[in-house]
Amino acid sequence: MIHYYRAEMGRMNAWRARLDLTSNWAITVVAALLSLSLSTPSAHHGLVLFAMLIVLLLLCVEARRYRFYDVYRMRVRQFERHYFGQLFGPETEGGVEPWLLMLAQDLRHPRFRIAFQRALRRRLRRNYIWMFLILLCAWLVKLASPDLQDGAALDPERPLDLVIAHAAIGPVPGWLVLALVLAFYGGLAVASLKGRDRGGDEVHV
């Protein structure tokens, strides 16, 4: 039993390391592209939008990895709660040990415990929402600041019109780009607020 617990702990730690690695990639992408975009006025604001897409891709990758991590975390928690917990502080329970039956069933037919959408929302709330907010703020600053736009000058009488004009990407008009970004962040807001964990007796990452 102890050797099996160590094996499950090793697999859990391996997937946890993969989660941290993906988060580090996302932070590196945000830092690199923001430095490139805000360091010179000639850099196009589309670099920040490109960073948003890369971070979204990394969020999806991390959500997939989190589902694997959650499987092994559940097995480790079963040992900690029902085996070591009973060893250190016994509680009187009668009948068949249900956690052993559940663990045996999971070993015979491994299944994910949470859906991909829930894993994505959980990782979004834990780490990625802050990266997306930083990118949004940097993008708005890039559009609104004349010092960060090559050859741009804001008209005090029509600041919003010029910001919309600066948001254009090639043939795509600025109002459409702003609408797409607004819809994207609206989706992120809904995803981060939907299905929030209501606490409980377990610690979630």
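At a glance:
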{"quantity": "Packing-based ranking, highest mean first, of 28-41, 174-187 given that Cβ atoms within 10 Å are counted", "calculated": "28-41, 174-187"}
{"quantity": "Rotationally averaged projected area of the stretch 3-49 (alpha carbon convex hull; nm²)", "calculated": "3.4"}
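Quick note: the coordinates plus some simple rules give every number you see, no bench work behind them. Quick caveat: nothing in here was measured; it's all calculated off a predicted structure. Note that we place each Cβ from the backbone using ideal geometry, even for glycine, and neighbour counts take in every protein chain shown.
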